[in-house]
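Undergrad: I have a structure here, written as structure tokens, and I will follow up with some questions on it.
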Ligand code: PEP
């Protein structure tokens, strides 16, 4: 049985005042059957962890460096994230792969660093529109999975998120058949690579998940939750998505 996870990626959005959303979710957990994670930008992590402490909401980061310390101006390491109380870190988001040239090998190193620091990496993979239109989506995501999953994993220490790049922030989503096909292939590859652990690693879908389409996506086999961008910025949008994850 896979854990269910509703994870919100705030990207470069949010102020201290916006963390009041944690209080709303903590006081009225919309669905005790699933884990709720919010990933605010790094400057809000300490405050978010302090605010989340009394309830079920957990706090994650959006990126980490693969080294523990060093001369990497502007970066933040996995042990630093663990030090402030983060539980998860997103690695390999397409905005990092595209904007900062992160390769599968970089993502694998970051995921391994996260695990070594006691964090659970949420490892993102996904094809571009050109790759999907060329019929290469499955090959691309399978290669990304093979190239970026680190060596030692348990169901508690790895989450994989399928995020088609063309669906992120666009309001477009793949068909239900396309999502189901990708998730079935990813599940099979995870089992091949990790044995019984691969059967229990949570598999999230991400890309324009909204209150109106969440239930349909969550009804698909091998979809164990969502990585949500825009619709995770307010409790009004995020709560119904969490509720739909039954
Ligand atoms: C994301 O940033 O990972 C994401 C899925 O964004 P959105 O939900 O806004 O498409």
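The values are calculated or read from the model by the stated rules, or taken from the named source; none is laboratory data. Keep in mind that this is a model prediction, so the values were computed, not measured. Glycine also receives a Cβ, built like all others from the backbone with ideal geometry; neighbour counts cover every protein chain displayed.
Undergrad: List every residue pair whose Cβ atoms lie under 6 Å apart, where the two residues are 6 or more positions apart in sequence or sit on different chains, the first residue falls within the range 169-187 and is under 29 Å from residue 13 (Cα atoms), and the second residue, located anywhere, is within 13 Å of the ligand (Cβ to nearest atom) and assigned to a helix (DSSP H, G or I).
TA: From residues that are under 29 Å from residue 13 (Cα atoms), the pairs are 173/167.
Undergrad: Of all residues in the range 72-94, which are in contact with a strand residue (DSSP E or B) (Cβ under 6 Å, 6 or more places away or on another chain) and away from the ligand (no atom under 16 Å from the Cβ)? Don't jump to the end; show me each part of the working.
TA: Residues of the range 72-94 that are in contact with a strand residue (DSSP E or B) (Cβ under 6 Å, 6 or more places away or on another chain), as a first pass: 72, 75, 77, 81, 86-93.
Matches in the range 72-94: 72, 75, 77, 81, 86, 87.
Undergrad: What is the residue count in the range 1-33 for residues that are more than 13 Å from the ligand (Cβ to nearest atom), surrounded by 18 or more Cβ atoms within 10 Å (Cβ to Cβ) and not in a loop (DSSP other than H, G, I, E, B)?
TA: Total meeting the criteria: 5.
Undergrad: Any chance the range 180-189 includes a residue that's within 15 Å of the ligand (Cβ to nearest atom), in contact with a helix residue (DSSP H, G or I) (Cβ under 8 Å, 6 or more places away or on another chain) and part of a loop (DSSP other than H, G, I, E, B)?
TA: no
Undergrad: So, one more: Going by what's in this entry, would residue 48 be described as within 16 Å of the ligand (Cβ to nearest atom) and surrounded by 14 or more Cβ atoms within 10 Å (Cβ to Cβ)?
TA: Spelling it out, it is not the case that residue 48 is within 16 Å of the ligand (Cβ to nearest atom) and surrounded by 14 or more Cβ atoms within 10 Å (Cβ to Cβ).
Undergrad: Looking only at helices (runs of 4 or more DSSP H) that fall completely inside the range 82-148, which ones have 1 or more residues that are under 30 Å from residue 48 (Cα atoms) and more than 13 Å from the chain's Cα centre (by Cα)?
TA: Numbers: elements: 94-100, 104-116, 129-133, 137-148.
Filter on the range 82-148 gives 94-100, 104-116, 137-148.
Undergrad: Which one is farthest from the ligand (Cβ to nearest atom), of the residues in the range 199-213 that are outside any strand (DSSP E or B) and crowded, with 24+ Cβ neighbours inside 10 Å?
TA: Start the filter on the range 199-213 by keeping residues that are outside any strand (DSSP E or B), which leaves 199-202, 207-213.
Retained after the next criterion (residues that are crowded, with 24+ Cβ neighbours inside 10 Å): 201, 207, 209.
Details: 201: 18, 207: 5, 209: 5 Å.
Across the range 199-213, the extreme among qualifying residues is 201.
Undergrad: Which residues, taken from the range 88-99, are surrounded by fewer than 20 Cβ atoms within 10 Å (Cβ to Cβ) and either touching a residue at least 60 places away in the same chain (Cβ under 8 Å) or out of contact with any helix residue (DSSP H, G or I) (no Cβ under 9 Å at 6 or more places or on another chain) (or both)? Break it down into steps so the answer makes sense when it comes.
TA: Applying the first criterion (surrounded by fewer than 20 Cβ atoms within 10 Å (Cβ to Cβ)) to the range 88-99 yields 96, 98-99.
The answer is 98, 99.
Undergrad: Being more than 13 Å from the chain's Cα centre (by Cα), surrounded by 15 or more Cβ atoms within 10 Å (Cβ to Cβ) and in contact (Cβ under 8 Å) with a residue 24 or more places away in the chain: is that true of residue 40 here?
TA: Details: more than 13 Å from the chain's Cα centre (by Cα): no; surrounded by 15 or more Cβ atoms within 10 Å (Cβ to Cβ): yes; in contact (Cβ under 8 Å) with a residue 24 or more places away in the chain: yes.
It is false that residue 40 is more than 13 Å from the chain's Cα centre (by Cα), surrounded by 15 or more Cβ atoms within 10 Å (Cβ to Cβ) and in contact (Cβ under 8 Å) with a residue 24 or more places away in the chain.
Undergrad: Determine which member of the set 161, 116, 143 is farther than 30 Å from residue 83 by Cβ and either within 16 Å of the ligand (Cβ to nearest atom) or in contact (Cβ under 8 Å) with a residue 24 or more places away in the chain (or both).
TA: Numbers: 161 fails: farther than 30 Å from residue 83 by Cβ; 116 fails: farther than 30 Å from residue 83 by Cβ.
After ruling out the rest, the residue left standing is 143.
Undergrad: Here is a further query. Could you please find all residues in the range 34-48 being touching a helix residue (DSSP H, G or I) at 6+ places or on another chain (Cβ under 7 Å), modelled with pLDDT of 95 or more and part of a loop (DSSP other than H, G, I, E, B)?
TA: Residue satisfying the conditions is 40 alone.
Undergrad: What residue, of 238, 218, is surrounded by fewer than 22 Cβ atoms within 10 Å (Cβ to Cβ) and within 20 Å of residue 57 (Cβ to Cβ)? Let's see the steps before the verdict.
TA: Details: 238 fails: surrounded by fewer than 22 Cβ atoms within 10 Å (Cβ to Cβ).
Result of the check over 238, 218: 218.
Undergrad: Going by the conditions given, is residue 150 surrounded by 19 or more Cβ atoms within 10 Å (Cβ to Cβ), within 16 Å of the ligand (Cβ to nearest atom) and without any contact (Cβ under 8 Å) to a residue 60 or more places away in the chain?
TA: Working: surrounded by 19 or more Cβ atoms within 10 Å (Cβ to Cβ): yes; within 16 Å of the ligand (Cβ to nearest atom): no; without any contact (Cβ under 8 Å) to a residue 60 or more places away in the chain: yes.
In short, no.
Undergrad: Could you check the range 214-230 and list, in sequence order, the residues that are within 15 Å of the ligand (Cβ to nearest atom) and on the phi > 0 side of the Ramachandran plot?
TA: Result: 225, single match.
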